[in-house]
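The values are calculated or read from the model by the stated rules, or taken from the named source; none is laboratory data. Everything numeric here is computed off the predicted structure, so don't read it as measured data. In this analysis, Cβ positions are derived from the backbone assuming ideal geometry, glycine residues included, and neighbour counts consider all displayed protein chains. The area values use the complete protein model at the heavy-atom level, side chains included, leaving out ligands, DNA and RNA. Shrake-Rupley method; radii C 1.70, N 1.55, O 1.52, S 1.80 Å.
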Amino acid sequence: MRSDDTIFAIASGHGRAAVCLIRISGPESRRILELMAGRMPEPRRAVVRTLKDPVTGEALDQALVLWMPGPGSFTGEDQAELQIHGGLATRAAVLRALGSLDNCRAAEAGEFTRRAFLNGRMDLAQVEGLADIIDAETEAQRRQAMRQLGGRMGNAAEGWRESVLQVLALLEASLDFSDEGDVPENLEAEILQMIDRVGGEIGQALANRSGERLRDGLTVVLAGPPNAGKSTLMNALARRDVAIVSPIAGTTRDVIEVHCDLGGLPVIIVDTAGLRESADVVEQEGVSRARARAENADLVLWLVPPEGEETAPPQARRLVRVGTKLDLSGSRQDCDLTIAAATGEGLPELIARLEEEAAALMGQGDAIVTRERHRKALERAHAALGRSRAMLVNHGPLELAAEEARMAARAIGEITGRVDVEDVLDRLFSSFCIGK
């Protein structure tokens, strides 16, 4: 992959459409636009042009053309956009014409965004925010992704990094003064104060996990004994048949997931095997998986049927007891609420409860940390700052205190892509669509 090539790709959806957007970026963008569209338009002003095949001169389409010279473009390079008609033949003809030109090739997945990052138009956290916008399925996810794209994580990380670099500079100055035997009395106190402030802010960001929950989705596990109505409830919440419903106990043996939008919040509903003792090896595995998912879930809906032996619920972070088969048993005093999934009775109240639980667990959407990568980097930085502080308090070697501060700054720099970015870029851009 050559960064000095001019690249092109469809930036709109695939298939037949009214309009198809083709993006072109790179040093040859102006020449290509002149060859295909004739007279250059004014920068950032859309004009109608007849696109022609640069080899045969054949008219290909009437298109809306934009010219965006670098560095004031998405990629930071000279860039052009062709808004052509979305017929498959028209699209193929224009792409074929672009591919026939020297030093012009089809873009790889994420290559436009990679160039924007390499040219300083975005930091790595903003790139991740763009990926999250593309993947957002709910309104809350979209809003969080927009905050990340707007620089919420990147700005915070850069501020912390600058503060840690100041700490490092003061520590190195202390080393210089110590060689001369003249360390200012208030210098160590100033360093400790800065470490405490930055460490406190990072610790506060790490304590809020709502951003990761919002991005990945809140996990709600349906658990209970066999024939408690878990699969029926799953189908009712999903509004389609995703799980087999049968009066035969032990029908569900594997874990079934469905993604839902509850009040704008992403929720993953998980149907699991009925919890009971069984001699069946396959069912035993299903029960083992059910318990594991329940223990790791954000919320467990423990379904309690009106008949049968009382089964002990699994260990869970948060558990809501739901009485089932309301149409057969009536309201239940031993449960938080009662439903009849088959008829829909009680479902609005259950959904409202789920929305309340989701909103409470995800907070107000003001989290800074939204990815595990951010969390791990900040945890390393927080730990390194703690070790640096301990060195100072215990009058340890200043060289080691400075080295810990340097490690903290490096860890924070990984968030925005100042250091160690290639592996992250490769993984991230492999999930991007072509044209982004």
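State the number of residues belonging to region 217-257 that are charged (D, E, K, R), part of a loop (DSSP other than H, G, I, E, B) and either surrounded by 19 or more Cβ atoms within 10 Å (Cβ to Cβ) or modelled with pLDDT under 60 (or both). Give the derivation first.
Of the residues in region 217-257, the ones charged (D, E, K, R) are 230, 239-241, 253-254, 257.
Adding the requirement that they be part of a loop (DSSP other than H, G, I, E, B) leaves 239-241, 253-254.
Add one more test, that the residue is either surrounded by 19 or more Cβ atoms within 10 Å (Cβ to Cβ) or modelled with pLDDT under 60 (or both), and what stays is 253-254.
Number of matching residues: 2.
Mind checking which pairs have a first residue in region 189-213 that is touching a residue at least 40 places away in the same chain (Cβ under 8 Å) and a second that is among the β-branched types (V, I, T) and surrounded by fewer than 17 Cβ atoms within 10 Å (Cβ to Cβ), Cβ under 9 Å, 6 or more apart or different chains?
L192/V393
Hey, could you check region 79-105 for residues that are within 12 Å of P27 (Cα to Cα) and open to solvent by less than 50 Å² (accessible area, probe 1.4 Å) and say which is modelled with the lowest pLDDT?
Within region 79-105, the match that is modelled with the lowest pLDDT is C104.
Exactly one condition in (1) under 30 Å from E128 (Cβ atoms); (2) outside any loop (DSSP other than H, G, I, E, B) is false for A109; which is it?
(2)
For region 393-413, does any single residue satisfy the condition of being in contact with a Gly (Cβ under 6 Å, 6 or more places away or on another chain) and either surrounded by 14 or more Cβ atoms within 10 Å (Cβ to Cβ) or aliphatic (A, V, I, L, M) (or both)?
Of all residues in region 393-413, those in contact with a Gly (Cβ under 6 Å, 6 or more places away or on another chain) come to none.
No.
Answer with yes or no whether R276 is basic (K, R), at pLDDT 60 or above and open to solvent by 20 Å² or more (accessible area, probe 1.4 Å).
Values: basic (K, R): yes; at pLDDT 60 or above: no; open to solvent by 20 Å² or more (accessible area, probe 1.4 Å): yes.
Against the criterion (basic (K, R), at pLDDT 60 or above and open to solvent by 20 Å² or more (accessible area, probe 1.4 Å)), R276 does not qualify.
Can you report the number of residues in region 333-358 which are at pLDDT below 80 and surrounded by 16 or more Cβ atoms within 10 Å (Cβ to Cβ)? Working first, answer last.
Filtering region 333-358 for residues at pLDDT below 80 gives 333-334.
Now drop any that are not surrounded by 16 or more Cβ atoms within 10 Å (Cβ to Cβ), which leaves none.
Number of matching residues: 0.
Would you say L425 is modelled with pLDDT of 95 or more, under 30 Å from L118 (Cα atoms) and in contact with a helix residue (DSSP H, G or I) (Cβ under 9 Å, 6 or more places away or on another chain)?
On the way: modelled with pLDDT of 95 or more: no; under 30 Å from L118 (Cα atoms): yes; in contact with a helix residue (DSSP H, G or I) (Cβ under 9 Å, 6 or more places away or on another chain): yes.
It is false that L425 is modelled with pLDDT of 95 or more, under 30 Å from L118 (Cα atoms) and in contact with a helix residue (DSSP H, G or I) (Cβ under 9 Å, 6 or more places away or on another chain).
Is it true that A156 is closer than 23 Å to I202 by Cα and touching an Asp or Glu at 6+ places or on another chain (Cβ under 7 Å)? Write out each step before concluding.
Numbers: closer than 23 Å to I202 by Cα: yes; touching an Asp or Glu at 6+ places or on another chain (Cβ under 7 Å): no.
Criteria not met by A156.
Can you find a residue that is aromatic (F, W, Y), in contact with an Asp or Glu (Cβ under 9 Å, 6 or more places away or on another chain), touching a residue at least 24 places away in the same chain (Cβ under 8 Å) and open to solvent by 10 Å² or more (accessible area, probe 1.4 Å) anywhere in region 68-77?
no
Got at least one residue in region 136-148 being touching a residue at least 40 places away in the same chain (Cβ under 8 Å) and either closer than 22 Å to C20 by Cβ or of a type in the set (D, E) (or both)?
Within region 136-148, one or more residues are touching a residue at least 40 places away in the same chain (Cβ under 8 Å) and either closer than 22 Å to C20 by Cβ or of a type in the set (D, E) (or both).
In region 11-57, what residues are closer than 16 Å to R96 by Cα, out of contact with any Lys or Arg (no Cβ under 7 Å at 6 or more places or on another chain) and of a type in the set (A, V, I, L, M)?
Those that are closer than 16 Å to R96 by Cα, out of contact with any Lys or Arg (no Cβ under 7 Å at 6 or more places or on another chain) and of a type in the set (A, V, I, L, M): L21, I22, I24, I32, L33, L35, L51, V55.
When I368 is evaluated against the numbered criteria (1) farther than 23 Å from L149 by Cα; (2) open to solvent by 20 Å² or more (accessible area, probe 1.4 Å); (3) of a type in the set (A, V, I, L, M), which criterion, by number, is the only one it fails?
So I368 meets the others, but not (1).
When you scan region 1-10, how many residues do you find that are among the aliphatic types (A, V, I, L, M) and farther than 19 Å from A97 by Cβ?
Total meeting the criteria: 1.
Mind checking which residues of region 279-305 are surrounded by fewer than 18 Cβ atoms within 10 Å (Cβ to Cβ), hydrophobic (A, V, I, L, M, F, W, C) and modelled with pLDDT under 75?
A279, V281, V282, listed by residue number.
Filter region 15-29 down to residues that are surrounded by fewer than 13 Cβ atoms within 10 Å (Cβ to Cβ) and not charged (D, E, K, R) and give me whichever is nearest to L66 (Cα to Cα). Please lay out each step first, then the result.
Quick first cut of region 15-29, residues surrounded by fewer than 13 Cβ atoms within 10 Å (Cβ to Cβ) only: 15-16, 18-19.
Next cut, not charged (D, E, K, R) only: 15, 18-19.
Values: G15: 23, A18: 18, V19: 15 Å.
Checked region 15-29; the qualifying residue nearest to L66 (Cα to Cα) is V19.
Tally up the residues in region 67-86 that are in contact with a helix residue (DSSP H, G or I) (Cβ under 7 Å, 6 or more places away or on another chain) and either in a strand (DSSP E or B) or more than 12 Å from I32 (Cβ to Cβ) (or both), please.
First pass over region 67-86, keeping only residues in contact with a helix residue (DSSP H, G or I) (Cβ under 7 Å, 6 or more places away or on another chain): 67, 74-80, 82, 84.
Next cut, either in a strand (DSSP E or B) or more than 12 Å from I32 (Cβ to Cβ) (or both) only: 67, 74-77, 79-80, 82, 84.
Residues in region 67-86 being in contact with a helix residue (DSSP H, G or I) (Cβ under 7 Å, 6 or more places away or on another chain) and either in a strand (DSSP E or B) or more than 12 Å from I32 (Cβ to Cβ) (or both): 9 in total.
Given A312, A316, which one is small (G, A, S), open to solvent by 60 Å² or more (accessible area, probe 1.4 Å) and within 28 Å of L237 (Cβ to Cβ)? Walk me through it before giving the result.
Numbers: A316 fails: open to solvent by 60 Å² or more (accessible area, probe 1.4 Å).
Exactly one of A312, A316 is small (G, A, S), open to solvent by 60 Å² or more (accessible area, probe 1.4 Å) and within 28 Å of L237 (Cβ to Cβ), namely A312.
When residues of region 30-66 are filtered for being assigned to a loop (DSSP other than H, G, I, E, B) and either open to solvent by 60 Å² or more (accessible area, probe 1.4 Å) or not aliphatic (A, V, I, L, M) (or both), how many remain? Quick ask: steps written out before the conclusion?
As a first pass, look at region 30-66 and keep what is assigned to a loop (DSSP other than H, G, I, E, B): 38-42, 44-46, 53-58.
Subset that is either open to solvent by 60 Å² or more (accessible area, probe 1.4 Å) or not aliphatic (A, V, I, L, M) (or both): 38-39, 41-42, 44-45, 53-58.
The qualifying residues number 12.
For region 394-408, how many residues meet the condition of being in a helix (DSSP H, G or I) and without any contact (Cβ under 8 Å) to a residue 60 or more places away in the chain?
The qualifying residues number 4.
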